[in-house]
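Take a look at the structure below.
The values are calculated or read from the model by the stated rules, or taken from the named source; none is laboratory data. Note that the structure is predicted; figures quoted are calculated from it, not measured. Ideal geometry is used to build each Cβ from the backbone, glycine not excepted, and the neighbour counts take in all protein chains shown.
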Amino acid sequence: MLSGKTVAQHNSRESCWIIVHGKVYDVTEFLDGGSKIILKYAGKDATQEYEPIHPPDAITTNLPPEKHLGPVEPDTVEKVVVEITDEEKARQERVSNRPSLEEILNLHDFENIAKQVLPEKAWAYYSSASDDEMTLRENHAAYHRIWFRPRILRDVTNVDWSTTILGHKSSMPVYISATALGKLGHPDGELNLTRAAAKHNIIQMIPTLASCSFDEILDAAQPGQVQFFQLYVNKDRAITKKLVQHAESRGVKALFITVDAPQLGRREKDMRMKFEAEDPSVVSKSGSEGVDRSQGAARAISGFIDTSLNWNDLHWFKSITKMPLILKGVQCWEDALEAYDFGVAGVVLSNHGGRQLDFARSGIEILVEVVTKLKEKRGLTFPNEKFSLFVDGGVRRATDVLKAIALGATAVGVGRPFLYAFSAYGTEGVEKAFEILHDEFQMNMRLLGARNLKEVVPEMVDVSNLQSHVVVPRDDLYGNNCASVSL
Ligand code: 173
């Protein structure tokens, strides 16, 4: 057994040991590039910082066994004193005063509450988007430029909004999109989603960068529960191959390869947060890196993503798995057509929740051109069982979903609202979010005159304004991105 004192001596760039869950690891070789945060914990217990942003098996998969130095004598480790600031006290107060779930009426409510009850870092990471957050706002605003043309005098006593996604039943045309770092918001992280999804027959897309390990999330699923996997392609293809084949062997039903993030966007809210959180004394010692001391939670852990990923790699993916492949992050009809011609099972028309290229168009706008062009060029009609179109970004209401369905989407992905729901209320929050959507589907389908999703047709929407990118309306929730530099 190592003593805390011994560990404490390895507190430099030359030799950096950390303690996680009572075990000591030599992480010196992880220090090159982007890992200044590790140095802050050199020689110390890093568990609290480590836990939310790494799955429990991250060390065992990434650090060679000889760097696992064994257990530390618990009593000899100096406790990392976490000072409860006044701000934190106030936050905890807000957590205990949060409204009951009965008071939540829509998905926006979760966002509003999350903003007030989440730890600052978590809110900054989840809510942030790139640059001026124009695409983030546009994602939501684009739905406001589509209006309905409802039909009347149809017997809408029974309405059914259940559907099939890539051959799998779903209680609504919505799936849980992948979002990273669930434990920043709630100690159970992504398991909240798994549990709620099981109860409501909703498909969960498991993120590569979940806080919980992949197997934990699979183990938490009920027999027969359908899960998809979102993949960030690693520079080390052996790691990717292992991940993909493991997912397939555990029964994951589809592989969503993220294609819009060769580099992560600058999410300035997130970056600013880290900037302030870091201990200046440590930073100054790290020397020549100048002020670029931190890139925020996401960038800090994204270095493994392969910037060279290209169309040719898709052959390789086909050779290593039988799971259907879906490209996540397609942003124009030309790429959708190429994806179709290549023979993948579908595409997600998405700009990564506004977190990548700012001024990328909304998924719903892209959907219209993709449907038009694929009909023109390949004679396809949508929804199409051979080639599914998914949309994500900015979806908050069943009306948003119905607009996408009318325009040819198979289903839409929802990310942040479910994150916010479990961050504030755990699994029950996510269940409530599903219940709200179910209620909204029932009412809106009746009012639209559609008894099932097949009856939600293009003629029911007016998209004549969709492509006019007029000024994005003011949005208080997001308006503060640039106002947070304190002087
Ligand atoms: O949007 C994100 O934050 C994201 O996809 C990501 C990518 C790499 C690391 C962490 C999160």
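Yes or no, residue by residue, for (1) farther than 30 Å from residue 363 by Cα; (2) part of a helix (DSSP H, G or I); (3) of a type outside the set (A, V, I, L, M):
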| residue | (1), (2), (3) |
| --- | --- |
| 38 | yes, yes, no |
| 43 | yes, no, yes |
| 50 | yes, yes, yes |
| 70 | yes, no, yes |
| 94 | yes, yes, yes |
| 105 | no, no, no |
| 125 | no, yes, yes |
| 139 | no, yes, yes |
| 142 | no, yes, no |
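The conditions are (1) surrounded by fewer than 18 Cβ atoms within 10 Å (Cβ to Cβ); (2) over 17 Å from the mean Cα position of the chain (by Cα), and residue 401 fails exactly one of them. Which is it?
(1)
Among the residues of segment 154-177, is any assigned by TED's automatic domain parsing to the domain that holds residue 110 and within 16 Å of the ligand (Cβ to nearest atom)? Before the answer, list the steps.
Filtering segment 154-177 down to residues assigned by TED's automatic domain parsing to the domain that holds residue 110 leaves 154-177.
Next cut, within 16 Å of the ligand (Cβ to nearest atom) only: 176-177.
Checked against the condition, which is being assigned by TED's automatic domain parsing to the domain that holds residue 110 and within 16 Å of the ligand (Cβ to nearest atom), segment 154-177 yields at least one hit.
Quick test for you: out of 260, 341, 279, pick the one residue that is surrounded by fewer than 17 Cβ atoms within 10 Å (Cβ to Cβ) and either within 12 Å of the ligand (Cβ to nearest atom) or at pLDDT below 95 (or both). Write out each step before concluding.
Details: 260 fails: surrounded by fewer than 17 Cβ atoms within 10 Å (Cβ to Cβ); 341 fails: either within 12 Å of the ligand (Cβ to nearest atom) or at pLDDT below 95 (or both).
On inspection, the qualifying residue turns out to be 279.
When both residues are 6+ apart or on different chains and their Cβ atoms are under 7 Å apart, which pairs have a first residue that lies in segment 174-187 and is in contact (Cβ under 8 Å) with a residue 12 or more places away in the chain, and a second that is of a type in the set (Phe, Trp, Tyr) and within 15 Å of the ligand (Cβ to nearest atom)?
Within 7 Å, the pairs are 176/418; 181/125; 184/125; 185/126.
Which numbered condition trips up residue 226, out of (1) touching a Lys or Arg at 6+ places or on another chain (Cβ under 6 Å); (2) over 24 Å from residue 60 (Cβ atoms); (3) within 16 Å of the ligand (Cβ to nearest atom)?
(3)
Are any of the residues in segment 363-370 on the phi < 0 side of the Ramachandran plot, touching a residue at least 40 places away in the same chain (Cβ under 8 Å) and within 16 Å of the ligand (Cβ to nearest atom)?
yes
Does any residue in segment 293-306 that is within 12 Å of residue 121 (Cβ to Cβ) and more than 9 Å from the ligand (Cβ to nearest atom) come within less than 9 Å, Cβ to Cβ, of a residue that is in a loop (DSSP other than H, G, I, E, B) and modelled with pLDDT under 70 six or more places away or on a different chain, and which pairs are these?
Qualifying pairs under 9 Å: 294/34; 294/278.
Considering each of 401, 391, 414 in turn, give the residue that is under 30 Å from residue 122 (Cα atoms), in contact (Cβ under 8 Å) with a residue 24 or more places away in the chain, β-branched (Val, Ile, Thr) and within 16 Å of the ligand (Cβ to nearest atom).
414
Quickly run through segment 201-222 and pick out the residues that are touching a residue at least 40 places away in the same chain (Cβ under 8 Å) and more than 17 Å from the chain's Cα centre (by Cα).
Once the filter is applied, which keeps residues that are touching a residue at least 40 places away in the same chain (Cβ under 8 Å) and more than 17 Å from the chain's Cα centre (by Cα), segment 201-222 yields 215, 216.
Given the residues 85, 135, which is the only one that is over 30 Å from residue 216 (Cα atoms) and free of Cβ contacts under 8 Å to residues at least 60 places away in the same chain? Show your work before the answer.
Working: 135 fails: free of Cβ contacts under 8 Å to residues at least 60 places away in the same chain.
From the options 85, 135, the qualifying one is 85.
More than 30 Å from residue 335 (Cβ to Cβ), loosely packed, with under 13 Cβ neighbours inside 10 Å and modelled with pLDDT under 80, is that true of residue 289? Talk me through it step by step, then tell me what you get.
Numbers: more than 30 Å from residue 335 (Cβ to Cβ): yes; loosely packed, with under 13 Cβ neighbours inside 10 Å: yes; modelled with pLDDT under 80: yes.
Judged against the criteria, residue 289 is a match.
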